[in-house]
Ligand code: GCV
């Protein structure tokens, strides 16, 4: 071996491996990077206020909290933080729940502790014997854990910790991820590798990932997870799998995360040996009661069942001429003795119903308002079709005041470019949450419906269809981590602003440098409108290629179920484009409260962003800016593409603020996004041009391929379509 080779192998290879490894770790660590504070003045200020930490209590949650605090602080402050045995010194960070505090402190904090719920927390500067300390407390240990994560966030985002007085609690009770994970390891609509759950190695092998998953979720306040796909497999309810589910529940418990499962309605037949799953049948009822007992014996804090019934071929009560209330209440009765809940999905539509698909869930569910058991919550997607780049809010929000409704958002980007497009979804979530339903007059926002404040509901919930998989960076795209993070933040408080969320996520994940944060924040905030523009401007929807939903497919019209064909949704012809849902059409607008219906009904007041969702308009229809609809549409497609080009340019300047791995990853992904944005623009415009018969306006680039070429593209192995 030459001297040079020797030196290389001795020093450089380990160094190289270290660099690669730490870069990969940055990807893996999500927003919990705990990178050393760069600003030395700030770092010494922090250090001067935190001499050591002192835990009150010794529960599994307090131990996990202690560990997080110690590792987080040590790495942020670049010094070993000592665990203290008392508070005799000064500047101690004390943490523990109310039950561990002394009488005097409890008396002092009574008002604030009464203000926060069971998961809330206080972060306070306090003095004891003339010495200053910081106290993080709550009514429960989980509250303390949440407080600690928020304290760490203050440091991560370089905020002051002078005179702390923070009082906060979650506004929604059930804040959960829905994993569409199959038992064979695939993930329906998953674009970040395979399922996190290694069913084969469970229950004996607890992957560190499970713990890091729980940490990440707890850091944003997510407190529930549905482990398996809503297109359910009954086997998850067999002892063989319940043993594995129990192991996951044990792992997540210290982090305040409850486990839930999807319940396949026909399970009594498939794994119970019964002849029927009729919810009126005594044996069936009993089977579910016994099943619940069996689950709770293993998992005393099991959360409950999520059910997709009589939807897209899933079995349900209608198979026995019963209805959704019969089915949901039967399961609710089985869970009630143990405190479990049923989340019954309202995502229903039928090929046998000739009515506009957008109307069907409302028509079916609204008459049942007030008939569900107290431990049932109806889970409604944000819009009436299916997680499109833009949909007006679902008319069920505001129409069932006697029934708790829970929001279902999609975090995984089934219809938004998978994990290769940078799309900051909290912008979409905020738009929906802020929508005014007018159900109790002006200000009756969707957020107030799902946080229970408008209709006075105690059971409240929000679910996000997870975008998480086995990829090193969890979500496939480094920026898709922001969608998981942002969902959690809005689940905690649906009234938060998406810009604030982007700001904190960027600082925690990448850098506090303003020259990085400001332009990249702007890029994130604009990214949602960009995807709307290059895929479905002016309220167009569901024109993706079918099945896998990858890329454009506005021409698809040959599927047996009419409402699965893109042509059903855009209705383009020589006279114009768009779905008439106004009074002259399907009258879906009538499902909204009068104030909203009126706005959507009239083409003059309907927001242009929703125009073709509600109206069929001629190609020459004049938009507010004076352009014809055809020209305006073509320009919007171009605008979407241009925005992605701007994103590429913005990102290119950020090499100094981001580690090489993530910088390169985002750069390559933006290149894909740019290519695909052009594909969307060209394919859609060429297709619609057949009907409009008009030239592309100035400013819109000419397509480089023919419509036949785009139509010929096939993707039999597109991910997520299993
Ligand atoms: C899990 C859409 C998706 C399906 C999904 C369904 C649902 O139709 O394409 O993959 O099934 O929504 O939400 O149940």
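The values are calculated or read from the model by the stated rules, or taken from the named source; none is laboratory data. Bear in mind the structure is a predicted one, so any value in this text is a computation, not a measurement. Using ideal geometry, Cβ is built from the backbone for each residue, glycine included, and neighbour counts are taken over all protein chains shown.
Assorted remarks:
- Identification of helices (runs of 4 or more DSSP H) wholly contained in the stretch 159-278 with 3 or more residues that are touching a residue at least 24 places away in the same chain (Cβ under 8 Å) yields 208-220, 239-252.
- Answer from 557, 511 - the residue that is touching a residue at least 24 places away in the same chain (Cβ under 8 Å) and assigned to a loop (DSSP other than H, G, I, E, B): 511
- Any hit, the stretch 287-298, residues being crowded, with 20+ Cβ neighbours inside 10 Å and either farther than 26 Å from residue 176 by Cα or at pLDDT below 95 (or both): yes
- Of the residues contained in the stretch 624-634, one or more are found to be at negative phi, surrounded by 19 or more Cβ atoms within 10 Å (Cβ to Cβ) and in contact with a strand residue (DSSP E or B) (Cβ under 7 Å, 6 or more places away or on another chain).
- Each residue in the stretch 310-344 was checked for being within 13 Å of the ligand (Cβ to nearest atom) and crowded, with 24+ Cβ neighbours inside 10 Å, and 3 of them qualify.
- As a summary of the residue check, residue 182 satisfies the conditions (1) within 16 Å of the ligand (Cβ to nearest atom); (2) buried (at least 22 other Cβ atoms within 10 Å of the Cβ) except for the one numbered (2).
- Subset of the stretch 433-455 (residues that are in contact (Cβ under 8 Å) with a residue 12 or more places away in the chain, buried (at least 22 other Cβ atoms within 10 Å of the Cβ) and part of a helix (DSSP H, G or I)): 433, 446, 447, 449, 450
- Here the condition is being buried (at least 16 other Cβ atoms within 10 Å of the Cβ), at pLDDT below 95 and closer than 27 Å to residue 47 by Cβ; of 123, 136, 105, 161, it holds for 105 alone.
- The stretch 406-424, subset away from the ligand (no atom under 16 Å from the Cβ) and crowded, with 21+ Cβ neighbours inside 10 Å, residue farthest from residue 484 (Cα to Cα): 421
- Residue match in the stretch 29-48 (condition: crowded, with 18+ Cβ neighbours inside 10 Å, without any contact (Cβ under 8 Å) to a residue 24 or more places away in the chain and under 30 Å from residue 470 (Cα atoms)): yes
- Every residue from the stretch 139-158 that is free of Cβ contacts under 8 Å to residues at least 40 places away in the same chain and buried (at least 24 other Cβ atoms within 10 Å of the Cβ): none
- Count of the stretch 456-472 residues, restricted to those that are in a loop (DSSP other than H, G, I, E, B) and buried (at least 24 other Cβ atoms within 10 Å of the Cβ), is 4.
- Some residue of the stretch 287-305 being within 28 Å of residue 382 (Cβ to Cβ), within 16 Å of the ligand (Cβ to nearest atom) and within 28 Å of the chain's Cα centre (by Cα): yes
- Hits in the stretch 186-209 (condition: over 17 Å from residue 473 (Cβ atoms) and away from the ligand (no atom under 16 Å from the Cβ)): 197, 198, 199, 200, 201, 202, 203, 204, 205, 206
- So residue 397, is it away from the ligand (no atom under 16 Å from the Cβ) and under 26 Å from residue 528 (Cα atoms): yes
- Any hit, the stretch 299-306, residues being surrounded by fewer than 18 Cβ atoms within 10 Å (Cβ to Cβ) and under 28 Å from residue 247 (Cβ atoms): yes
- Exactly one residue out of 378, 354, 348, 366 is more than 16 Å from the ligand (Cβ to nearest atom) and touching a residue at least 12 places away in the same chain (Cβ under 8 Å): that is 366.
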